[in-house]
Amino acid sequence: MITSPGMPERRSAPPTVSVMTGRSATDGPRTHRTHLARRVVAMLGSAAAMTGLALGMAAPASAAGPVLVSSGDLDISAQRAVVSWVDGQQRMLIELDLEGNADPGASAVLLLATPTPPQVTVADPAVMQSFVDAGSPELIEEEHWWPDLQSFGGGGDRPAWLRPEVALAEISLSTHAPASGAQIAGFYAGQGFPVGEETTLALQTYTAGGWAITEVRIDPGEESTDVRSTPVLDLSFASPDAVVPMLLYAGGALPLDLSTYVLGTERLDRTSMPSSASVRYSGPITSGTDPLLTDWLAPYGGTAVMTVVDQPTIQTSQMTEDIRFGPSIYGPISAGTEVVRVERIIFGIPAGLVLVAGGMVLVAVLGVIASRLMNRGYED
């Protein structure tokens, strides 16, 4: 149970769970002008360094949406969520991809909003992968040995719904006792976690509606700019409808890729479907095909209709409402196939260039050897 002056107690959920960032204007000799230029450059460099140091001391962390970091800058670049809603009870898997840097020894907090206080546990990542696999197209790898001249290097063709290989670990879970959004924001600010204005506003909106705010403490790992995911969280809570809360993401700095997997006895679509969103798959999934889904599909008799909706590169400032679902007038959709670009790289260079260069060097070496042998033959 965590308390803080001026902050109501929070009810601890499950105990700590460990799972697996120019020329001089002055006339004179050339040497004098050179020394003067060097002094100016040195002074400017020192000033820039001092300014950077001052800024770093004044702002050790950057607030970005629901991810609060004590020292560094972390943001969410993708979210995968599985939603099941039966008779007023919702169950949701959620996994987030994080990008940015965390300074050594820094800690991070992820804030989640739910209509009622949730039960939160850490799920087996294989369960999330089973949902991803069930709604994924057949991936066809397209090898590229040469640089893409149009995009100056290519790449970036990795589907947003693919899960990264690196996952964060060692988390603790707890839910705040009823409090205002301003109180919660003040609580974290007092602990050295900056809270952005948009995040504070979202907290106020949720708490004014009686929603619960849950804290997930995450070890952000070593400093890195690589994408890594949070542990997969399993939330259960009472809700009047199927919902994926999104308002807390409005303060994020990075574009966000969303993938939602919603289960039902029939196809369910987002009640507000933006033009940037598309249905990747809608069809039956069964526990007989994947035993890891047995627990999730039991309320549906072992078979449910899963609809997968992707919405790539959302500007988080456009987040003005939560995602909700309702009956669809459309039918099933096959996942089909998808081509994934695979760059063949050797020593950080497109493999085709390396092989050609290597071939040219080999030909040159063989030419030199042949020339020397011929010269020896003439001398003999």
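For the range 213-222, the criterion of being of a type in the set (Gly, Ala, Ser) and at pLDDT 90 or above is met by none of the residues. Evaluation of ASP290 against the conditions (1) at pLDDT 95 or above; (2) open to solvent by 20 Å² or more (accessible area, probe 1.4 Å) shows that the sole unmet condition is (1).
Per the listing GLY210, GLY186, the residue uniquely open to solvent by 20 Å² or more (accessible area, probe 1.4 Å) and farther than 29 Å from TRP296 by Cβ is GLY186. Whenever a residue of the range 183-197 is within 13 Å of LEU248 (Cβ to Cβ), its partners that are surrounded by fewer than 18 Cβ atoms within 10 Å (Cβ to Cβ), lying with C-beta atoms within less than 6 angstrom and at least six residues away or across chains, give the pairs VAL195/ALA189.
Listed here are the residues, each with its yes/no results for (1) outside any loop (DSSP other than H, G, I, E, B); (2) hydroxyl-bearing (Ser, Thr, Tyr); (3) at pLDDT below 65; (4) open to solvent by less than 60 Å² (accessible area, probe 1.4 Å).
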site	(1), (2), (3), (4)
ASN101	yes, no, no, yes
PRO104	no, no, no, no
LEU112	yes, no, no, yes
MET128	yes, no, no, yes
ASP133	yes, no, no, no
ILE140	yes, no, no, no
GLY153	no, no, yes, yes
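Considering each residue of the range 104-121 in turn, none proves to be closer than 14 Å to MET306 by Cα and either under 18 Å from the mean Cα position of the chain (by Cα) or of a type in the set (A, V, I, L, M) (or both). Summed over the range 301-312, the residues that are of a type in the set (Ser, Thr, Tyr), open to solvent by 10 Å² or more (accessible area, probe 1.4 Å) and within 24 Å of LEU162 (Cβ to Cβ) give a count of 0. Can you confirm whether SER282 is in contact with a Lys or Arg (Cβ under 9 Å, 6 or more places away or on another chain), buried (at least 16 other Cβ atoms within 10 Å of the Cβ) and either more than 15 Å from LEU93 (Cβ to Cβ) or not small (Gly, Ala, Ser) (or both)? When the stated conditions are applied, SER282 passes them. Where residues in the range 84-99 are under 18 Å from the mean Cα position of the chain (by Cα) and either open to solvent by 50 Å² or more (accessible area, probe 1.4 Å) or β-branched (Val, Ile, Thr) (or both), which of them is farthest from SER174 (Cα to Cα)? Going through the qualifying residues, I end up with GLU99. Of ALA298, ALA242, all but one fail to be over 19 Å from the mean Cα position of the chain (by Cα), small (Gly, Ala, Ser) and crowded, with 20+ Cβ neighbours inside 10 Å; the exception is ALA242. Would you please name the residue that is most open to solvent (accessible area, probe 1.4 Å), looking only at residues in the range 313-324 that are of a type outside the set (S, T, N, Q) and closer than 20 Å to PRO240 by Cα? Per the stated criteria, the residue is GLU321. The set of residues from the range 70-83 being open to solvent by 10 Å² or more (accessible area, probe 1.4 Å) and either assigned to a loop (DSSP other than H, G, I, E, B) or at pLDDT 95 or above (or both) comprises SER70, SER71.
The values are calculated or read from the model by the stated rules, or taken from the named source; none is laboratory data. None of the values given here were measured: they were computed from a predicted structure. Cβ atoms come from the backbone with ideal geometry, glycine included; neighbour counts cover every protein chain shown. When the accessible area is computed, the model is the full protein with side chains, heavy atoms only, and any ligands, DNA or RNA have been set aside. Shrake-Rupley method; radii C 1.70, N 1.55, O 1.52, S 1.80 Å.
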